[in-house]
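A short worksheet on the structure shown next.
Throughout, read-outs are computed from the coordinates displayed, never taken from laboratory work. Worth saying up front: this structure is predicted, and the values here are computed from it rather than measured. Ideal geometry is used to build each Cβ from the backbone, glycine not excepted, and the neighbour counts take in all protein chains shown.
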Amino acid sequence: MSAETPAAEPGEFTRRRLQFRAWRGTRPFWAGLFVLLSGFPIMYFPYAHLQVGHLTLAMSTTAGAGSLIIGVLLVVLGISLWFQKHVRTFAGVAAILLGLVSLPVSNFGGFIVGFLLALVGGAMAVSWVPGSPAAPEGAEGPGTGRSDTPGSWLDKTPEAGTVHESNDLSGTSPANGANGRHSAG
């Protein structure tokens, strides 16, 4: 192969993998996966019968139905994080609360495994923010303040007629002379 050899067309697997990667990048995928996986140990352990030699350990509790409900809700929240990314804050808080409730209800939250997965997944869902699309290179306009020479962005002044609104709603910005140094409250 040389540098002049044309690149091969990507196969079906590569194309599907790249499509999945693009889909995964637009939503809280890992948070949804952790929340989804947290439901399974919480659902499983109250109904499990473990064999230790000839001894059968029944893990059934009086709150088996509560464990099943908590586990199913966590699985549904995990799936909803994948397909309805706008409910990420609600689903994250609900996953954290269900994980906390699973401690006394479901064998210490699925022997701590389901509890920890719900807490981590819920925290990831609450903290996830959709990213802005990347600007293509070379698409920098005159308002970006970028130049080839270092430090030249300091010399830029706004053009006449442009409106620059401040996000500071406190009334104590340096622009109006009240930066908070001389105010009583």
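Just a few scattered comments:
- Approximating the spin labels as points 7 Å out from Cα along Cα→Cβ, the F108-to-H54 distance works out to 3.0 nm.
- Where only C-alpha atoms are counted, convex hull volume of segment 56-133 per residue in Å³: 88 Å³
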